[in-house]
Structures are given as structure tokens and as C-alpha cells.
Amino acid sequence: MLTDMMTIIRKDLKEVLTARGTGKRGGWMSVLIFIGLLGILMPLQTGVEWLTNPILPILWSWIPVFLVVSVVTDSFAGERERNTLETLLASRLTDQSILFGKIGAAVLYGWGLGMVGNLLGAVTVNVVFWQGRLMFYQPVPYLAFVFASFLVSLLMGSIGVLVSLNAPTARAAYQKLSIVMLVVWFLPTIGITALPINIRENIGKVLENINLPMVGVGLLAVILIADLVLIFVARQRFKRAKLILN
Amino acid sequence: MLHNAIETNGLSRTFGSLKAVNQITFSVDKGSIFGFLGPNGSGKTTTIRLLLGLLEPTSGSASVLGYDPIRDGQQIRENCGALLEHTGLYERLTAYDNLDFYGRVWRMPAADRKARIKELLEHIHLYDRRDEIVKGWSRGMKQKLAAARAMMHRPQLIFLDEPTAGLDPVASVAFRDDLLNLVEKNGVTVFLTTHNLAEAEKLCHRVGVIREGQLLSVGSPDELRHKQGNSQVEVIGSGFTETTLQQLQLHPQVRGVTVKGNHLTVQLNGDSDSAFLVPFLVTQDVQIDEVRKGKASLEEVFMTLMEEENVN
């Protein structure tokens, strides 16, 4: 199954690269712009703090998540729209390899580019703000960030594939998923700022007293479970007949 | 050894109240070309989907290469190639990448994949354009590439849904020759749907005529002509008066009469003897220059079947 998944991932990534421009050159250009933004421009603006303050890379972690969304919404809805889905479903590929290949392509693209951007960011800081020794992100927060961003990308990939399975067009899927993103990502932030000041102060006090690493691990466990549940649901909803007749 | 590549028995599929495929029973010999003829919306594509295990039948059964499409859809798809209603090409990718992707899907080794892509693209005269994005290509070029993709992994059975749609006459003839070669040399079985009856007549060992989900007739083009088609006699001459035509029309062996200029076409019922015709015309003072007797074409058989179904 892994070979078949890789075949789908390879094809989908090729399509993504050619979709973003008039040809392969245009696609690579947008990738380079993204990596340049996350790996050069942002670290240049923040300096050494880019490596020492773990909050900064986390703050920009929403960009790869958006990349996942843009690819995964195209997965099934785009194939359906461009009349390539039925031929793909008539091939020898199993349901699992098609489904996991589609999720894998989106995660690999968004999360992978995010990781490349972060590594390039470390190089940029070392080259431009040399401190007399080689600097890197703090190991534990960095590994936690790598793992967490992978899980969040997988979460968005799974939600996206569920939406894409039933959407008539890639645009419709993207619009639906943007609303989900808005609810999941931005509403909690807006909600917290809208709370009365005394409640916010109380929340702050509670947060000061809790064991943050434990909360982080708990949160990651919840995301991991959500990933598994969503992948299971997507697997159940993947029906060749339904995909063809939709 | 398996004699039939495909067998169906009362295969049916309904969508709500619509009977898309209604109790169809037929078989396709291994190593032959079977043509599925019918107007738009008659159930041809649904039948292909049922045989590939992409849809489940409402009732009835089928066997494709010895596998049950409901239970063993995966094995069927493993051994089949398909050019469906749409070309299914990834238009953002190059011609080479399209074939390479499906070569990888069927796990062809790299060297074999590369050689096969070259062989196929050279054969359809598109090798020099292998690195072009498919999007800007003409419909005919895309159709040729899609057909090449269906044959990429050398399948035992190929489903082709309107394969020559969009091809120019030269490309259509070349495609037909390729299919015949494929069947004769490699023993491949081809199941194709087409509107082009002349093409079916030249290409298919057996044909099935479907309408509104019902299989109206199955057999070789000759058998169908024998069963359904009427003999016809064409008379070239002059003096075809109204009275002559009316009397001819009333003759028990005559099914229809048409006149176009100096051509009189008399359609006879079944295999009726035409010996009566010339003496009759002579008595009617018709000037006869030439008489030709012939069988109805597959197109005429098809039209007859469609008309009979309309009457029923």
C-alpha cells in the first residue's frame, strides 16, 4: 500500500506544482516565495529571537496549515471537477491507498514546506546574526513543534478530505473548509479577547499555575485521537459508487 | 481454461425508478471485440461501471475474467484497462507524466515503463510532444493519449467507451487497426461502446444493441443482419410511377419502397426471394438499367431494432 500511496502523493504534488503557475517554473516559484518568507524574511525581521523564543515559529505555523487546506480540498473535488476521478477509481489502486495518498500529499506539501522553512530560518539567523557559535531551536520545544504541526496538518488534511469527498468542485470544498478554519482557528481567539477583563485575568492565573508541558501533551493526545477518528470516518465514507455518481 | 472474458446473467441496475440496466444477459468470448451499441443514455456506461465493479448491481450477476465484480472488483480492475466517458487525463501534467503515473499505478518496473511509454507515444506519433502539458492539446490528441494509457499495462481486457469520438478519419482507421492487431497478436479482449455503426461493423466480432437499459439483440453483425435486417434490392432506371410504387408496397414480400431520382430501393421482408421484382417492373413498363441486391447494413439493422422497440 505504501508504494501506491507514494504514487498518488508524487502525482498530486506534481499537479500542485504545475497548478500554481503556467508550468513547472511557476509552481516552483510560489514554493520558493513561501520558503523565502518563512525561512529568510521572518527570521531577518526578528533576529536571534527567531531561534530562542519558541512562540515565534508557532505564531507563523498557520501558514503551512493553509497550504494543507489548499491542496486537500482539491484532492477529490478537483479530480471530480476535471473528470479524472472515475479513471483513477477504475484503476487497480485500493480505497486506502487513494485516500491515504491524497491526505499524505496535502500533509507532505504543507507540513514539509513548513519544516523546510524552519530549517532555512535557522540557517538565516546563523549566517546573518552570527553569535560566535552555531545556534538552533531549543530541542524539546522544537521537537514538540514538529510533532504538533504534523498532527495539526493531519487534522486539517483529514477534515479537508472529508469535505472534498462530497463537494462538487474544488472551490466549493475550499469555501466550506475556510469556514471550518475560521471556526477552529480564529473564533477562539476573538472569543477570548471578547471576554470581560476579570474573567481573562482569572484564566491567566489558572494558566500560570498549570503544568504547561502536561497540558501540551494532553492537547496533542486529543488532536491525535481526533486525527484517527476523522481518518476512520473518511475511510467509511469513501465509496467508489458514491464518488462516481455524485 | 476460461472461454468467456465476460458473462452477465440478468444484470440490472436501477437509480430510483429509472432502470438504467434491465436484465441484460450476454457473453463476450476471450480474445474478441464486443461492440455495445445504443443511443445516449441507453445504459452502456452503467454496464461498464457494473462490470468494473465500480457500481453494485440491483440484481443479477456478472463474471469478468472469472471474477465476480461485487466481490472481486479489485482483481478485475487489476487486469483491465479502461478508457471511460471522459479521457481522464491530468491536463496539468505532460503526456509522459500521464502515462508514467498509470505505469506506476500498475507497478511496472522503471525500465519497462520507460520503454512502454516510448513505444506507445511513438506509435501514436506523439513522442516528440511527450513533455508538453496536455491541457492545450486537441480532443483527438487527448483521445489517442487516453487510449494509450488504457493499454499501458498490457491488460487482458480493455473497456473503451466511445474510443474514436473526436478522432479524425485517418486516426480512427489507425486506431481500429491497432485494436485488431492487439486482439489478434496478444489475445486481448475488447469491450467497446460506440455510436459509430460502420466502425462496429468493421471491428466487432459480436455486437449487442441496448436501448433504455434493455438488450434488444446480441450476435455477430452477420447474425444480426440475418435476424433483423431485411434484404434490399436497388433498381436503377426510369418510369417509376405512383401506381407502380403503390402496387409494390402492397406486395406481401415488400417491406418498404423509396425512390430518389432514378434509384428505386425495395426493402424485402426478412430473406424474401426477390425473383418476382424484375418481371413485375417490366410489366409496369419500367425501364431497367441496373439491378443490385444487397443485405442491410448494421446501421439499418440498428434503426430497425430502434423502430421495433418504439412500436412495442
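Descriptive notes on the structure:
- Where the protein assembly as shown is the region considered: accessible area per residue in Å², 1.4 Å probe: 48
- Taking the protein heavy atoms of the protein assembly as shown in the context of the full set of protein chains, the accessible area attributed to carbon and sulfur is 60 percent at 1.4 Å.
- Solvent-accessible surface (1.4 Å probe) assigned to B:H86 amounts to roughly 80 Å².
- Ellipticity estimate at 222 nm from DSSP helix runs (n ≥ 4, -39,500 (n - 2.57)) divided over the protein assembly as shown, nearest 500: -17500 deg cm²/dmol
- Estimated inter-spin distance, A:R237 and B:K135, nm [label 7 Å along Cα→Cβ]: 2.9
- Stokes-Einstein diffusion of the stretch A:2-245 at 4 °C, 1.567 mPa s viscosity, Kirkwood radius from Cα pairs, rounded to a whole number: 66 µm²/s.
- Normalising by residue count, the protein assembly as shown has a Cα convex hull of 213 Å³ per residue.
- Percent of Cα-Cα distances greater than 25 Å, calculated over chain B: 57
- Taking 0.36 nm per residue of separation and subtracting the current Cα-Cα distance, fully stretching the chain between A:L207 and A:L41 would add 56.5 nm.
- Those residues of the stretch B:56-96 for which accessible area with every protein chain present is at least 50 Å² below the isolated value (1.4 Å probe): B:Q74, B:R77, B:L84, B:H86, B:Y90, B:R92, B:L93
- Along the stretch A:195-208 the Karplus relation, 6.51 cos²θ - 1.76 cosθ + 1.60 evaluated at θ = phi - 60°, assigns HN-Hα couplings of 5, x, 4, 5, 5, 5, 5, 5, 4, x, 4, 4, 4, 5 Hz to successive residues, with x for each Gly and Pro.
- Paramagnetic reach from A:V127 in the stretch A:95-120 [backbone N under 17 Å; point 7 Å along Cα→Cβ]: A:116-120
- Using only side-chain charges placed at the Cβ, +1 for Lys and Arg and -1 for Asp and Glu, the dipole size of the stretch B:231-295 relative to its Cα centre rounds to 220 debye.
- Chain A packed on chain B takes about 2800 Å² of accessible surface away from a 1.4 Å probe, both sides summed.
- Result for chain A in a Gaussian network model with C-alpha springs under 10 Å: among A:T52, A:T18, A:T193, the largest mean-square fluctuation is at A:T193.
- Shown here for the stretch B:21-125: GluC sites (Glu not before Pro) in loop regions (DSSP other than H, G, I, E, B) with at most 16 other Cβ atoms within 10 Å, namely B:E85.
- Applying the Karplus relation 6.51 cos²θ - 1.76 cosθ + 1.60 with θ = phi - 60° to the stretch B:138-148 yields 3J(HN,Hα) values of 6, 4, x, 5, 5, 5, 5, 5, 5, 5, 4 Hz, where x marks Gly and Pro.
- Dipole of the stretch A:2-245 computed with +1 at Lys/Arg Cβ and -1 at Asp/Glu Cβ about the Cα centre; of A:L93, A:Y109, A:L182, farthest Cα towards the positive end is A:L93.
- Applying both filters, DSSP loop and at most 13 other Cβ atoms within 10 Å, to the chymotrypsin sites (Phe, Trp or Tyr not before Pro) of the stretch A:27-133 gives A:W130.
- Our estimate of slack between B:T241 and B:F15, defined as 0.36 nm per intervening residue step minus the Cα-Cα distance, is 76.0 nm.
The values are calculated or read from the model by the stated rules, or taken from the named source; none is laboratory data. The structure presented is a predicted model; accordingly, all values stated were derived computationally and were not measured. Methodologically, a virtual Cβ is constructed for each residue, glycine included, from the backbone with ideal geometry; neighbour enumeration extends over all protein chains shown. Accessible surface is based on the protein model in full, side chains and every heavy atom, while ligands, DNA and RNA are left aside. Shrake-Rupley method; radii C 1.70, N 1.55, O 1.52, S 1.80 Å.
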